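Engineer: Just passing along the structure, written as structure tokens.
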Amino acid sequence: MARPLAGTVNRPFGRLGPLAVTAAVLAALASGFATAAAQTANDPGVYKGRKIADVMSFRGAGWLERASRIEEENPDALMAALPIEEGMLVVDIGCGSGYYARRMAAVVGPEGSVLCNDIQPQMLRIAEELARREGVTNMSTVLGTEDDPRLPEGEVDLMLLVDVYHEFSEPEAMLETMREALSPDGVIALAEFRLEGRTAAHIKLDHRMSIEQVMKEWLPAGYELVERIDSLPTQHLFLFRAAR
């Protein structure tokens, strides 16, 4: 069942309506925020032999809502693979424009809650506006930091990270704080474009991850693999829980 949310959560929205988002809306939103806050240069660094990718700017929000994403990623298949149920408290980490958060909101229903989490306030404003346009009322936004998503401790039933973990500038801290936010039976679903093979060749190398690299980073951080799903068109999908 849904639980009370932490004080960092704000602005709830209505139920999921038709996912009809135009590029013009996204462009207008992003351009409106462009003058409000400048991007800070970030040294990508290296973590366990992997180059950490640059964070995708809110100015690229339109790419997250592109029509070709349906064919490239099959989001319906990804959603079907998640252990998500009505009444859950779920989180979309690095939610961007809220593409998956809005889908999750439809599944958990009015008794559930979705936290749309990002480190860019401009992204959260875009996500809020798109949710408002679609009548989503059970989604709230949470502004996190590079080392803390600011989630309620021990309460989250499911976290989803889609093509975002590889951008974490502080992966160790994030892995720890995310684990602490999980409920006793909570699960983290991690989707990353495949480094192996050619299915994700259209994606830059530092925005892709191999199975070996994911396991190298997540298992020592106190997680155990529940399941790995390899049937998505371009992505690995891992289901993790806190190690027992």
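The values are calculated or read from the model by the stated rules, or taken from the named source; none is laboratory data. Worth saying up front: this structure is predicted, and the values here are computed from it rather than measured. Here the Cβ is made from the backbone with ideal geometry for all residues, glycine too, and neighbour counts use every protein chain on show. Quick note on the areas: whole protein, heavy atoms, side chains included, nothing else; ligands and nucleic acids left out. Shrake-Rupley method; radii C 1.70, N 1.55, O 1.52, S 1.80 Å.
Engineer: Would you tally the residues in the stretch 52-81 being more than 27 Å from Glu146 (Cβ to Cβ) and in a helix (DSSP H, G or I)?
Structural biologist: Matching residues across the stretch 52-81 total 8.
Engineer: Regarding Val90, is this residue more than 23 Å from Met174 (Cβ to Cβ) and in contact with a helix residue (DSSP H, G or I) (Cβ under 8 Å, 6 or more places away or on another chain)?
Structural biologist: Here the answer is no, as Val90 does not meet what is asked.
Engineer: Across the stretch 198-225, which residue is surrounded by the fewest Cβ atoms within 10 Å (Cβ to Cβ) among those that are within 19 Å of the chain's Cα centre (by Cα) and assigned to a strand (DSSP E or B)?
Structural biologist: Residue satisfying both the conditions and the ranking: Leu225.
Engineer: Could you list, in sequence order, all residues of the stretch 151-173 that are under 29 Å from Gly49 (Cα atoms) and open to solvent by less than 10 Å² (accessible area, probe 1.4 Å)?
Structural biologist: The answer is Leu158, Met159, Leu160, Leu161, Tyr165, His166, Pro171.
Engineer: With respect to Asp43, is the statement that it is touching a Cys at 6+ places or on another chain (Cβ under 9 Å) and either at pLDDT 95 or above or open to solvent by 60 Å² or more (accessible area, probe 1.4 Å) (or both) true?
Structural biologist: No.
Engineer: Please determine whether any residue of the stretch 183-190 is open to solvent by less than 60 Å² (accessible area, probe 1.4 Å), touching a helix residue (DSSP H, G or I) at 6+ places or on another chain (Cβ under 7 Å) and assigned to a helix (DSSP H, G or I).
Structural biologist: Among the residues of the stretch 183-190, not one is open to solvent by less than 60 Å² (accessible area, probe 1.4 Å), touching a helix residue (DSSP H, G or I) at 6+ places or on another chain (Cβ under 7 Å) and assigned to a helix (DSSP H, G or I), which makes the answer no.
Engineer: I'd like to know if the stretch 90-107 contains one or more residues that are over 17 Å from the mean Cα position of the chain (by Cα) and open to solvent by 10 Å² or more (accessible area, probe 1.4 Å).
Structural biologist: No, that holds for no residue.
Engineer: Does Cys116 satisfy being modelled with pLDDT of 95 or more, open to solvent by less than 30 Å² (accessible area, probe 1.4 Å) and not in a loop (DSSP other than H, G, I, E, B)?
Structural biologist: Details: modelled with pLDDT of 95 or more: yes; open to solvent by less than 30 Å² (accessible area, probe 1.4 Å): yes; not in a loop (DSSP other than H, G, I, E, B): yes.
Here the answer is yes, as Cys116 does meet what is asked.
Engineer: Let me ask something additional. Going by the structure shown, is Ala127 open to solvent by less than 40 Å² (accessible area, probe 1.4 Å) and at pLDDT 95 or above?
Structural biologist: yes
Engineer: Now a separate question. So Ser231 ticks every box in (1) over 28 Å from Phe58 (Cβ atoms); (2) free of Cβ contacts under 8 Å to residues at least 60 places away in the same chain but one. Which box is left unticked?
Structural biologist: The single condition Ser231 does not satisfy is (2).
Engineer: Filter the stretch 125-150 for residues that are within 19 Å of Tyr165 (Cβ to Cβ) and outside any helix (DSSP H, G or I) and give the result.
Structural biologist: Once the filter is applied, which keeps residues that are within 19 Å of Tyr165 (Cβ to Cβ) and outside any helix (DSSP H, G or I), the stretch 125-150 yields Val142, Leu143, Gly144, Thr145, Glu146, Asp147, Asp148, Pro149, Arg150.
Engineer: Continuing with the same structure: How many residues are β-branched (Val, Ile, Thr), open to solvent by 20 Å² or more (accessible area, probe 1.4 Å) and touching a residue at least 60 places away in the same chain (Cβ under 8 Å) if we restrict to the stretch 130-145? Break it down into steps so the answer makes sense when it comes.
Structural biologist: If we filter the stretch 130-145 for residues that are β-branched (Val, Ile, Thr), which is where we start, we get 136-137, 141-142, 145.
Applying the additional criterion that residues be open to solvent by 20 Å² or more (accessible area, probe 1.4 Å) yields 137, 145.
So of that shortlist, the ones also touching a residue at least 60 places away in the same chain (Cβ under 8 Å) come out as 137.
The number of residues fulfilling the criteria is 1.
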